[in-house]
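The values are calculated or read from the model by the stated rules, or taken from the named source; none is laboratory data. In this text the structure is predicted, and so the values were computed from the model without any measurement. In this analysis, Cβ positions are derived from the backbone assuming ideal geometry, glycine residues included, and neighbour counts consider all displayed protein chains. Ligands, DNA and RNA are excluded from the accessible area calculation, which covers all protein heavy atoms including side chains. Shrake-Rupley method; radii C 1.70, N 1.55, O 1.52, S 1.80 Å.
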Amino acid sequence: MEKPKIADIKPAVLELEPGDYFWCACGLSKNQPFCDGSHKGTGFAPKKVTLDQKQRVALCNCKHTANPPFCDGSHSGLA
Ligand code: FES
């Protein structure tokens, strides 16, 4: 199976406004942790996340989380 690129080995901790976001799953986006269309031609697709309220989130940058788009601590096994 195709492996995602590790964009960083720590999550992006962000305070986000309510709305729709597209999390980069392939790791190739230049706009981490969000999709910039770079997955084209790979087997990856971005993951949409909808926030109903302003929220502080930790979005996975290592792309190995089992709970995308959120960090689940898997990055600690990659360093
Ligand atoms: S950054 Fe990927 S699991 Fe934490």
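Taking first residues from the range 50-79 that are farther than 17 Å from Phe22 by Cβ and free of Cβ contacts under 8 Å to residues at least 60 places away in the same chain and partners that are among the hydroxyl-bearing types (Ser, Thr, Tyr) and assigned to a loop (DSSP other than H, G, I, E, B), the Cβ contacts under 8 Å between residues at least 6 apart in sequence or on separate chains come to Asp72/Thr65; Ser74/Thr65. For the range 17-34, give me each residue that is open to solvent by 20 Å² or more (accessible area, probe 1.4 Å) and either within 8 Å of the chain's Cα centre (by Cα) or farther than 16 Å from Cys62 by Cβ (or both). Within the range 17-34, Glu17, Pro18, Gly19, Asp20, Tyr21, Phe22, Lys30, Asn31, Gln32, Phe34 meet the criteria. Pairs meeting the criteria (first residue in the range 15-32 and within 17 Å of Pro68 (Cα to Cα) and among the polar types (S, T, N, Q), second residue assigned to a strand (DSSP E or B) and open to solvent by less than 20 Å² (accessible area, probe 1.4 Å), beta carbons under 9 Å, at least 6 apart or on different chains) are Gln32/Ala12; Gln32/Leu59.
How many of the residues making up the range 56-71 are loosely packed, with under 14 Cβ neighbours inside 10 Å and farther than 14 Å from Pro4 by Cβ? Walk me through it before giving the result.
Initially, the range 56-71 is screened for residues loosely packed, with under 14 Cβ neighbours inside 10 Å, giving 56, 66-67.
Still in the list and also farther than 14 Å from Pro4 by Cβ: 56, 67.
Result for the range 56-71: 2.
Taken over the range 35-45, the residue count meeting the criterion of being touching a residue at least 12 places away in the same chain (Cβ under 8 Å), more than 15 Å from the ligand (Cβ to nearest atom) and open to solvent by less than 60 Å² (accessible area, probe 1.4 Å) is 4.
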